[in-house]
Amino acid sequence: MSNIYSIQLSKRAHKDFQKLDPSLQKPIYQALIKLSTSRTPQQFKTLKGKNIAQYRLRVGDYRILYDVYNEDNVVLIIRIGHRRDIYR
């Protein structure tokens with residue numbers, strides 16, 4: 001049985017999401033919904049170094065950086081942004 005994870009956005013991620021064009025918000029929102037049932041979807045990657053986040057999820061040219069807290073069944077979204085800016 002798969003666990004259902006609650007999705008929480010940091011203040012920064014919420015701001016990042018609000019700034020996006022509505023045409024970009026829809027696919028990113030759908031990716032966030034998928035994270036609630038699968039914390040490791042197809043386009044995910046474990047991040048090494050940088051100490052920004054545990055994982056990143058690719059949505060076109062945009063990235064969603066997030067951490068997973070299995071004990072609490074929470075996926076914390078840390079940042080959402082274009083790939084050229086997100087790791088800075």
Task: Whole-Å semi-axes of the ellipsoid equivalent to segment 8-82 (Cα gyration tensor, √5λ, descending) - done: 18, 13, 13
Task: Rounded to whole Hz, the Karplus (6.51, -1.76, 1.60) HN-Hα couplings of segment 72-88, x for glycine and proline - done: 9, 6, 10, 10, 9, 7, 9, 9, 9, x, 5, 4, 6, 10, 5, 8, 7
- [ ] Can you tell me the relative contact order of the chain? Whole percent, Cα pairs under 8 Å, sequence separation 6 or more.
- [x] 33 percent
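A short reminder: the numbers here are calculations on the coordinates, not readings from a lab. In this text the structure is predicted, and so the values were computed from the model without any measurement.
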